[in-house]
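Novice: Below is a structure I'd like to ask you about.
The values are calculated or read from the model by the stated rules, or taken from the named source; none is laboratory data. Predicted model, so just to flag it, every value in this text is computed and none were measured. Neighbour counts run over all protein chains shown; Cβ positions are idealised from the backbone, glycine included.
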Amino acid sequence: MAISLRNLSVDYSLPIGTAHALRDVSLDIQKGEMLGLVGESGSGKSTVAFALMGLLANNARVTSGTATIEGRRFDLTRPNATAPLRGRGMAMIFQDPMLSLNPVFTIGTQLIEVLRRRSPASDRKTRMAQAEDALAKVKLGNPKQRMEQYPHELSGGMRQRVVIAMALLSEPALLIADEPTTALDVTVEAQIMREIIGLRDRIGCAVLLITHSLGLVTEHCDRIAVLYAGERLESGSVRDVQRQPGHPYTRMLFDCEVPIDRERHADAAQNRFTVIAGELPDPRRRPPGCIFNGRCDVSFEDCAKVVPGDYPVAGNAAHAARCLRLVTP
Amino acid sequence: MTDAIAVHDAQLRFGQTVALEGVSVSVPQGTCFGIVGESGSGKTTLMRAMLGLQRLDAGEIRILGTPLQQGRAALTRRARIVQPIFQDPAASLSPRSRIRTLMNEVGTVLKEPHAATHERLLVILKRLGLPDSVIDKYPHEISGGQARRVAIARALLMKPSILIADEPTAGLDVSVQGDLLNLLQDIRRAQNITLVVISHNLAVVRLIAENAVVMRAGKVVEIGEVGALFGAPREAYTKELLAAWPSVTHAASV
């Protein structure tokens, strides 16, 4: 197992009270595998990434959680627990590439900095060659010229390629990509996903893809974890989860996606979009029973009282969902 | 019947950059028309031109048969016919005024007593699923989804016959975006409004529009009825866009 995250809980203290952003979230990612962590706004998916990277805001507190990365165990409740891994064991791609790039330094300077940190013994000439090579690998044209350019001279897609090149040079065990293509056009999105997969295959790292797009997950990920209001409601292989969602929320989320091949009905009243009625629960007070109970279309009496555990779906130990229906005859 | 919007050979340059080149589209009354394309395709420029917010270098735009004119008086007259719903609802909501003030301004433009505007507003709010209490709030006190509905309510209050929506679901969660799209479809049918939707979401346009245009770098790549456009695209770029779209395949085929 390349990465194993156990029982991550994070609170944010806000003027209106303490919000529980994550409750006992566990994830496993194998080497060379891509896990898609999906969830809507407020699900806590980015908080997972920030907690792993040690980038949580000052008002956040990790109340429980351990991460095992390549055999080393980190207690995430301690400040800067994973600092030794940043830039070496772990790398992150943000939605906005400018969060990773410094506007006042050239692309070359920033790439070389990664190498200097990683292998202090190598000389400048070798590093220059390696940096150029990385830019070529992520299919950025004219790498020699790009090395001399500043981030503002590049387009959004090109900047994201530079960030991927930086990640490539740091050879991480875990690459976290938080909505890496959300700000990009679809044709560029497809190219950037290809580069992320190329990077994974080249260095064999584990990838945590954080996204709201089920389309991206079903096209590119091996496994999926579904987050809702700070809880992991389902996890399994993309194939199993899509075929037989174990949790009603997962099923409803898939139903909300509009397939590109869905044809327009001549009767306009038939062209309806699926909606999940209701709202997220108050993050300060967890309702009793199942967290999704208020919006579920198949809930029954016990759902408002009993907190469900993670139960196997269709007898498959690798596919679990947090729904009482799975253990109710 | 006269087209709701007819754009003929629109030309526009910003310095060296071609914003629109030979763009011609026509939107029949009472239909939904989709404009799709990537960044820099000219889709938002075309929208602004349709609203009279962007002058063309050459070409003509007719709204219900009348050539679009510049100037303040023409803009006010046109506002009663064509209403925009901008991508960022904040563009239609002043941060310093309560929603009520904003809505009253609509009454002023229509030369309607405030009481009458208020009465119509209550009906529209109900239809959009908004509580009456939003009218006493400031824009920062409501959620993003609500702000979008308020922007739609403001547009509808003008009693337009044409609505132009720029990326109406951008930034919304998938569980709530359907709600907004269903709403736009319902309004359009109930009031026989012509709807123009600008979107990068091909799957959504395919479902709600009768006709659509694919744009790239200020030019029309392909235009036609959605069934043909998405089912049997002729142009390589349309095919590329469709292929790149990350879509969930039907569970049955997994």
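Novice: Can B:L183 be described as within 11 Å of chain A (Cβ to nearest Cβ) and either aromatic (F, W, Y) or buried (at least 20 other Cβ atoms within 10 Å of the Cβ) (or both)?
Specialist: no
Novice: In this structure, does A:E234 turn out to be in the same structural domain as A:R23 (by TED's automatic domain parsing) and assigned to a loop (DSSP other than H, G, I, E, B)?
Specialist: no
Novice: Now for a separate question. Which residue out of A:V275, A:V298 is in the same structural domain as A:G215 (by TED's automatic domain parsing), out of contact with any Lys or Arg (no Cβ under 8 Å at 6 or more places or on another chain) and part of a loop (DSSP other than H, G, I, E, B)?
Specialist: A:V275
Novice: Continuing with the same structure: Check region A:111-125 and report whether any residue there is under 26 Å from B:G40 (Cα atoms) and of a type in the set (V, I, T). So that I can check it myself, show each step before the final result.
Specialist: Pass one, region A:111-125, residues under 26 Å from B:G40 (Cα atoms): none.
No, region A:111-125 contains no residue that is under 26 Å from B:G40 (Cα atoms) and of a type in the set (V, I, T).
Novice: Is there a residue in region A:110-131 that is under 28 Å from A:I197 (Cβ atoms) and in contact with a Pro (Cβ under 6 Å, 6 or more places away or on another chain)?
Specialist: No, the conditions are met nowhere in region A:110-131.
Novice: Going by the conditions given, is A:L227 more than 9 Å from chain B (Cβ to nearest Cβ) and in contact with a Gly (Cβ under 7 Å, 6 or more places away or on another chain)?
Specialist: Judged against the criteria, A:L227 is a match.
Novice: Taking the criterion of being within 14 Å of another protein chain (Cβ to nearest Cβ), of a type in the set (D, E, K, R), surrounded by fewer than 23 Cβ atoms within 10 Å (Cβ to Cβ) and under 13 Å from the mean Cα position of the chain (by Cα), would at least one residue in region A:183-201 satisfy it?
Specialist: Within region A:183-201, none of the residues are within 14 Å of another protein chain (Cβ to nearest Cβ), of a type in the set (D, E, K, R), surrounded by fewer than 23 Cβ atoms within 10 Å (Cβ to Cβ) and under 13 Å from the mean Cα position of the chain (by Cα).
Novice: Taking A:R251 and the conditions (1) in a helix (DSSP H, G or I); (2) surrounded by 16 or more Cβ atoms within 10 Å (Cβ to Cβ); (3) away from chain B (no Cβ under 11 Å); (4) at pLDDT 95 or above, which numbered condition does it fall short on, given that it satisfies the others?
Specialist: Of (1) in a helix (DSSP H, G or I); (2) surrounded by 16 or more Cβ atoms within 10 Å (Cβ to Cβ); (3) away from chain B (no Cβ under 11 Å); (4) at pLDDT 95 or above, only one is false for A:R251: (3).
To keep it simple, each residue is scored yes or no on (1) assigned to a loop (DSSP other than H, G, I, E, B); (2) hydrophobic (A, V, I, L, M, F, W, C); (3) within 15 Å of the chain's Cα centre (by Cα).
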residue	(1), (2), (3)
A:H20	no, no, no
A:K31	yes, no, no
A:G42	yes, no, yes
A:T47	no, no, yes
A:N58	yes, no, no
A:T68	no, no, no
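Novice: Against the definition (surrounded by fewer than 15 Cβ atoms within 10 Å (Cβ to Cβ), of a type in the set (A, V, I, L, M, F, W, C) and either touching a residue at least 60 places away in the same chain (Cβ under 8 Å) or outside any helix (DSSP H, G or I) (or both)), how does B:M47 come out, yes or no?
Specialist: no
Novice: Please give the number of the condition A:R243 fails out of (1) of a type outside the set (A, V, I, L, M); (2) away from every other protein chain (no Cβ under 14 Å); (3) within 28 Å of the chain's Cα centre (by Cα).
Specialist: It fails just one condition, (2).
Novice: What residue, of B:L180, B:L163, B:L156, is of a type in the set (A, V, I, L, M) and within 28 Å of A:V38 (Cβ to Cβ)?
Specialist: B:L180
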